[in-house]
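All of the numbers you see were taken from the coordinates with simple rules; none came from a lab. No experiment lies behind these values; they were computed from the predicted model shown. Reconstructed Cβ throughout: ideal geometry from the backbone, glycine too, with neighbour counts over all protein chains shown.
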Amino acid sequence: MAGVNSSSKCAAVIPCWDEAASIGPLVERVRAHLPSVLVVDDGSTDGTAAVARAAGAWVERHPRNRGKGAALRTGLDHARAQGFDWAITLDGDGQHAAADIPAFLARADATGAALVVGNRMASAAQMPPVRRAVNRWLSRQLSRQAGQALPDSQCGFRLLRLEAWAKLRIASDHFEVESETLLAFVRAGFRVEFVPVPVLPSPRPSRIRTVPDTLRWLRWWRQSGQQTPPLVDQPVASTA
């Protein structure tokens, strides 16, 4: 675990779809902490790839939009193929603060965690009410299944040890990838830690569609062999 903080060990991976307005400044801010930045342009039509390259990022491009999960797999595969041990993932709309990157690296160094996830719950009041409620509900379901507290299961700001990630079978192509990855790390016995991060406003409307994406999440949940959770939470019975 030594050397997580070395910039030669960790790359930033940023999945993007039509983020030309925000990706340039984001890449520049991230490169102040991690010089190696990989942007996965997931079928953009607005010049995202050119803006990212001009800001100093390496760009991999999907010819059509395949979804956030597919873009993350492309980026993490590429980072590992290039010899990086770690990758930190951020959303391309600028809602994650690059200044928080050292906190992720420090937590991995201090704890030996293979996955460090941003936790926005201390400032959850800044989230839109419906998204806040859905996030908390999803996080409760995953926490029950994992047998440990997973306070913010949907945050895309994450640090992953690539050797551990490569041992897992992550198949989701869309937003449910956050849940699948988190649960897969826990089930495989890897340590998972959380670090507090702020809720920053996105410069554009969210692309998360609450009803369709929640239904897709439920399909993933059933396909992964889990019993469909109740829409109204019930207290978890104590096993003590």
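Structure notes:
- Within the chain, longest stretch free of exposed trypsin sites (Lys or Arg not before Pro) [DSSP loop, at most 13 other beta carbons within 10 Å]: 65-166
- Cα-projected label distance for Arg53 with Arg187, points at 7 Å along beta-carbon direction, nm: 4.0 nm
- Theoretical ellipticity at 222 nm over the chain - DSSP helices of four or more residues, -39500 (n - 2.57) apiece, nearest 500: -11500 deg cm²/dmol
- Relative to the current alpha-carbon distance between Ala133 and Ala21, full extension at 0.36 nm per residue lengthens the span by 37.4 nm.
- Estimated inter-spin distance, Arg169 and Leu200, nm [label 7 Å along Cα→Cβ]: 3.7 nm
- Label point distance in nm, Arg64-Ala146, each placed 7 Å from Cα along Cα→Cβ: 3.4 nm
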